[in-house]
Amino acid sequence: MSSYNHERFLRESIESVLNQTYSNFELIILDDASTDSSWEIIESFQDPRVIALRNNTNRERRFNQIIPGLKGEFIAVHHSDDAWEPEKLQKQVDYLDANPNTGAVFSLVNVVDSDGQPRLDGTHHYSRTFELENRNRFDWLRYFFFNGNGLCHPSVLIRRNAMKNAVYIFRGWCSCRILTCG
């Protein structure tokens, strides 16, 4: 989880991970020298699955320094202003377990405003962006070329070995805010 000055959303974000129906994970939180009470909120969690790291200076929440040390079979991207549905990880792990040739899975997202209220009117840019049918690798590449991105990176669960083969795609991921849009 990337964290930077999101004290307003951080507790809910962490709890949404800790309350997953799939519980065999480590939650690595990298706080990027927040100047609000984010670090104190992170430290208040005593769950042994939480590993809290803090940059002394702002480094734009880049995870490149910790990627080589990740131990899990799967890696999920999460941000301190996002919240997960309780069964997100279980559904994604089950899918990857049943489909060993799949490297990553994404989920649909619920776009909310800065008060956490769903944006149901469909007027926000992200309201329909990620509502796409699945495609094979070549059709996804064609879609990206002609239409741009259609996958919400904070919804991904990726195999660690697939990530090692494509580390370059993670550069810049931690600066995007998708689910909490004002």
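Values in this text are rule-based calculations from the coordinates and carry no lab data. Computed from a prediction, not measured in an experiment: that's the story for all the values here.
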(request) Inverting the mean 1/r over all pairs of different Cα atoms, compute the Kirkwood radius of segment 15-60 and quote it in Å. (result) 11.6
(request) Quick one: which residues, 5 or more positions from Phe74 or on another chain, have an amide H under 5 Å from its amide H? H modelled 1.01 Å from N in the peptide plane, none for Pro or chain starts. (result) Arg160
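Give me the one-decimal Kirkwood hydrodynamic radius in Å for segment 1-105, with the sum taken over alpha-carbon pairs. It would help to have the intermediate numbers written out before the result.
On the way: mean 1/r = 0.0692 Å⁻¹.
Over segment 1-105, the inverse of the mean reciprocal pair distance is 14.4 Å.
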